[in-house]
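The values are calculated or read from the model by the stated rules, or taken from the named source; none is laboratory data. Given the structure is predicted, the values throughout are model-derived calculations rather than measurements. Cβ atoms come from the backbone with ideal geometry, glycine included; neighbour counts cover every protein chain shown. Side chains included, ligands, DNA and RNA excluded: accessible areas come from the protein's heavy atoms. Shrake-Rupley method; radii C 1.70, N 1.55, O 1.52, S 1.80 Å.
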Amino acid sequence: MRNPSADMLLQESELDLDLIKKAKIFHYGSISLITEPCKSAHIAATKVAKDAGVLLSYDPNLRLPLWPSAESAREGILSIWDTADIIKISEEEIGFLTNGEDPYDDNVVRKLYHKNLKLLLVTEGPDGCRYYTKEFSGRVKGMKVDPVDTTGAGDAFVAGVLSKLAEDLSVLQDEKRLREALSFANACGAITVTERGAIPALPTREAVMDALLKAVA
């Protein structure tokens, strides 16, 4: 349903700059970097957010069929890599960006950790996620469910993390609280795969807390 779709036609002049400047977190992917005019709009919006001190969150969200080639996808995704404060990637994306290196090797993952990054997250589906900061790193296990449709699981995970950071950005400096936020995010992703559709399956905060309580019980 593209070529063109509405997102591809977004122009810089259409950006609500005041809204961007007021945000706590500005989240984006790489698909908007594929074509103009949305590429220029994306880059402009990111710069406005950065200059305003907004936390930048990046999910590369690799969708190879949408790019002209694998090489253009790799170049496009990495072209804005160093501007993000938070990056969420999957095991598949690590392999792609490092030309086939082992996504489970911490040394490989650390190659993707740029000097200004505050948090690098690696999602591992039902196995949970890994996290890397300058001070600490670790793994938070996932929540076991019976999957129906995995569409939107990564987006739900990111939404869970960012909702916790929006409440208090100091979570980034506290490993215990970060792990709690990531458990919440893992639950968001897990619940989402138990129903069909990316948006209809997104859980409420109450549903996530209830699932976490049941998992502990």
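Based on Cα contacts under 8 Å between residues 6+ apart, the chain shows a relative contact order of 13 percent. Residue 22: which aspartates and glutamates have alpha carbons under 13 Å from its alpha carbon, excluding same-chain residues fewer than 8 sequence positions away? Residue 22 reaches 51. Placing dummy labels 7 Å off each Cα toward the beta-carbon, the span from residue 206 to residue 12 is 4.6 nm. Shown is the FRET efficiency for residue 3 and residue 177, computed with R0 = 45 Å from the Cβ-Cβ distance and rounded to the nearest 0.05: 0.55.
Each residue of the range 52-65 was assigned a 3J(HN,Hα) from its phi angle through the Karplus curve 6.51 cos²θ - 1.76 cosθ + 1.60 (θ = phi - 60°); the sequence is 8, x, 6, 6, 9, 10, 10, 10, x, 6, 4, 9, 4, x Hz, with glycine and proline shown as x. Please state the shape class of the chain: rounded when a/c is under 1.5, otherwise prolate if a/b exceeds b/c and oblate if not, all from the C-alpha gyration tensor. Rounded. For the cross-link pairs 21/176; 50/88; 118/144, the ones whose C-alpha atoms lie over 27 Å apart are 21/176; 118/144.
For residue 89, the residues 5 or more places off, or on other chains, whose built amide H falls under 5 Å of its own are 121, 122, 123.
Each peptide in 74-84, 180-190 gets a packing score, the mean of other Cβ atoms within 10 Å over its residues, and the list from highest to lowest is 180-190, 74-84. Taking amide hydrogens as placed 1.01 Å from N in the peptide plane, the amide H of residue 128 sits under 5 Å from those of 142, each at least 5 positions away in sequence or on another chain. Taking every full run of DSSP H in the chain, the ones that stretch at least 18 Å from end to end by Cα along their long axis and average 0.5 or higher on the Kyte-Doolittle scale are 153-167. 3J(HN,Hα) couplings calculated from phi for the range 112-124 with the Karplus curve 6.51 cos²θ - 1.76 cosθ + 1.60 (θ = phi - 60°) are, in sequence order, 8, 8, 7, 5, 9, 6, 9, 7, 10, 10, 10, 8, 10 Hz; Gly and Pro show x. A Förster radius of 22 Å combined with the Cβ-Cβ distance from residue 170 to residue 23 puts the calculated FRET efficiency at roughly 0.80. Per-residue 3J(HN,Hα) values for the range 88-101, derived from phi via the Karplus relation 6.51 cos²θ - 1.76 cosθ + 1.60 with θ = phi - 60°, read 10, 10, 9, 4, 4, 5, 4, x, 5, 6, 9, 6, x, 6 Hz in sequence order (x marks Gly and Pro). Solvent-accessible surface of the range 91-209, averaged per residue with a 1.4 angstrom probe and all protein chains in place: 50 square angstrom. Calculated mean residue ellipticity at 222 nm for the chain: -12000 deg cm²/dmol, from DSSP H runs with n ≥ 4 weighted as -39500 (n - 2.57), summed, divided by the residue count and rounded to 500.
Quick check: from the Cα gyration tensor, does the range 1-123 come out rounded (a/c under 1.5), prolate or oblate? Here the range 1-123 falls in the oblate category.
Ligands, DNA and RNA left out, the accessible area of the range 51-93 computed with a 1.4 Å probe is 51% carbon and sulfur.
A simple spin-label model places the labels of residue 51 and residue 116 1.4 nm from each other, with each point 7 Å out along Cα-to-Cβ. Of the peptides 154-162, 130-138, the order by per-residue mean of other Cβ atoms within 10 Å, starting with the highest, comes out as 154-162, 130-138. The dipole here belongs to the range 48-125: it is taken about the Cα centre, uses +1 on the Cβ of Lys and Arg and -1 on the Cβ of Asp and Glu, and is about 320 debye.
Annotation: aspartates and glutamates with alpha-carbon distance below 12 angstrom to residue 141 (same-chain offsets under eight excluded): 124, 127, 180. In this structure, the amide hydrogen of residue 138, modeled 1.01 Å from its nitrogen in the peptide plane, lies closer than 5 angstrom to those of 131, counting only residues at least 5 positions away or on a different chain.
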